[in-house]
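So the structure is just underneath, and the comments pick up after that.
The values are calculated or read from the model by the stated rules, or taken from the named source; none is laboratory data. Just so it is clear, the structure is predicted and the values come from calculations on it, not from any experiment. Using ideal geometry, Cβ is built from the backbone for each residue, glycine included, and neighbour counts are taken over all protein chains shown. When the accessible area is computed, the model is the full protein with side chains, heavy atoms only, and any ligands, DNA or RNA have been set aside. Shrake-Rupley method; radii C 1.70, N 1.55, O 1.52, S 1.80 Å.
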Amino acid sequence: MVRALKIKKEKGSEAKKYLQEKNWLDTSIMIGKSAQRYLLFPLTEKFDERLLLKKFPDAKIVERSLQKLEKKKGSLKDLLKGVIPDKYIDKVVRSYDVVGDIAIIEIPKGLERLEKSIAWTLKRTYPNIKVVAKKAGKVGEIYRLRKLEILTGEKRTETIHKEHGVIIKVDLAKAYFSPRYSGERLRIAKQVKPNEKVLVMFAGIGPFALVIAKEQPKCKIWAIELNPDAYKFMEENIRINRMGHIIKPILGDVREVVPKLKEKFDRIIMVLPESGFEFLDLAFKAAAEKAVAHFYLFSREDELSEKIEEIKKIGKKLNRKVKILRKVKAGAYAPRTQRWCIDFEIS
Ligand SMILES: C[S@@+](CC[C@H](N)C(=O)[O-])C[C@H]1O[C@@H](n2cnc3c(N)ncnc32)[C@H](O)[C@@H]1O
């Protein structure tokens, strides 16, 4: 018998994220399901019952016999043993992303001579991976592209990725795409209501627009992108997913395009965490009387309130009020710097 959090399925992803953050989810045991749409999350010994039930008042702590997860024998971690020194294994295992059938890996400094063996091991572990490429060089400033070097597999950087029921075609050498925003895309998409006008600045190949259109087909989306290659993929993705009646792609610089749009927007998404502040005035000017913005930025936790003040200051200058709705950690960036999404209301 193990102690488990019994919670309604609808609350499942929020609860899982919370338990993972607190290190209270026992990952050696399978998550259980019960009748009436409940999930059972196995808990580690150190969980705080009072805090947990305060966070999820409708949930219960129950005792159940849940199945133990068998340790996967051929996991990447196991297979890397003997290929690279033990101290690097966790770093390598954590470092890679998979987009479609391409794995993109970061080779730790000093391990370059072993990069081919790492790539072969990765490809052997996951037969669905057809290409392993390494990050080579820094991310470019405007289009956010990074040079990739293929280590093993087919000589291509184009692939088809699937996410939340949409098909996303991309050439990773020509356009930015990160699967790490997947949870964020769904989180935002679920907030969009029928008839909303949504503006996606810095739209890339269109993943935010596509996932929103899938979740809320009764909205209208304007998606602006500067990189002509990324824009072409966005057009193609809209076509493949048959969303031409929902998403309007626009090629150009948001600085020039947004002021020319006639519409005012109920929701504005800005995914340019490095320099989004430079464009924030555009959001305040394009916002409907009452609107919600999802603004991405990089910040250390202890500097976040300063950045939020900056958002309010820019709004005030343009006679708009800002009410902070949420501060969401949306991934790590550097050792003490996180990627955040600040959701705020504009009125
Ligand atoms: C961090 S990427 C995000 C792309 C996309 N939203 C996604 O999540 O995959 C930022 C994108 O903004 C584009 N970009 C940069 N400056 C821009 C500008 N002034 N106007 C329009 N797009 C811009 C880049 O080409 C890049 O595709």
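A compact table of results
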item	result
Average accessible area per residue (Å²) across the stretch 1-143 - probe 1.4 Å, nucleic acids and ligands excluded	65 Å²
Stokes-Einstein D for the stretch 219-347, Kirkwood Rh over Cα pairs, 25 °C, 0.890 mPa s (µm²/s)	156 µm²/s
Mean Cβ count within 10 Å, highest first, over the residues of peptides 208-215, 245-252	208-215, 245-252
5 angstrom amide H check on residue 287, placed H, neighbours 5+ away	265
Protection proxy ranking, peptides 218-225, 316-323, average beta carbon neighbours within 10 Å, highest first	218-225, 316-323
Percent of alpha-carbon pairs separated by more than 16 Å within the stretch 262-302	37 percent
The stretch 169-292: C-alpha gyration tensor shape, a/c 1.5 cut-off, then a/b vs b/c	rounded
Beta bridges by DSSP in the chain, antiparallel share as percent, to the nearest 5	70 percent
Label point distance in nm, residue 242-residue 274, each placed 7 Å from Cα along Cα→Cβ	3.8 nm
Prolate/oblate/rounded call for the stretch 123-164, Cα gyration tensor, a/c under 1.5 rounded	oblate
Charge-dipole axis of the chain as Lys and Arg at +1 and Asp and Glu at -1 on Cβ define it, positive-most pick from 157, 212, 57	57
In sequence order, calculated HN-Hα J values of the stretch 147-152 (Karplus, 6.51, -1.76, 1.60; Hz; x Gly/Pro)	5, 10, 10, 6, 9, 7
For the stretch 219-347, size of Cβ-based charge dipole, Lys and Arg +1, Asp and Glu -1, in debye	520 debye
Evaluated over the stretch 72-170, the Cα radius of gyration and Dmax, each in Å	13.9, 43
Karplus-derived 3J(HN,Hα), 6.51/-1.76/1.60, for each residue of the stretch 39-55, Hz, glycine and proline x	10, 10, 9, x, 10, 6, 5, 8, 5, 9, 4, 4, 4, 5, 6, 5, 5
Share of alpha-carbon pairs per 5 Å distance bin for the stretch 215-262, given as whole %	5, 21, 28, 23, 16, 7
Scattering curve values for the stretch 226-299, log₁₀ I(q)/I(0), Debye with Cα scatterers, q = 0.18, 0.23, 0.24 Å⁻¹	-0.86, -1.21, -1.25
For the stretch 149-239, average projected area of the Cα convex hull in nm²	6.1 nm²
Cα-projected label distance for residue 156 with residue 45, points at 7 Å along beta-carbon direction, nm	5.2 nm
Candidate aspartates and glutamates - alpha carbon under 12 Å from residue 130, same-chain residues fewer than 8 apart omitted	101, 154, 158
Gain upon complete extension [residue 120, residue 86; 0.36 nm per residue less C-alpha separation]	10.5 nm
For residue 170, residues with placed amide H under 5 Å, excluding near neighbours	159, 161
Unit Cα scatterers, Debye sum, the chain: log10 I(q)/I(0) for q = 0.14, 0.15, 0.16 Å⁻¹	-1.31, -1.39, -1.44
Evaluated at q = 0.25 Å⁻¹: base-10 log I(q)/I(0), Debye formula over Cα of the stretch 36-110	-1.16
Cut-off under 5 Å, modelled amide H: who pairs with residue 331 long-range	339
Phi to ³J(HN,Hα) by Karplus 6.51 cos²θ - 1.76 cosθ + 1.60 over the stretch 320-332, Hz, x for Gly, Pro	10, 8, 10, 10, 6, 9, 7, 10, 10, 6, 10, x, 8
Positive-end extreme of charge dipole, the chain - chosen from 189, 347, 40 (charges on Cβ)	40
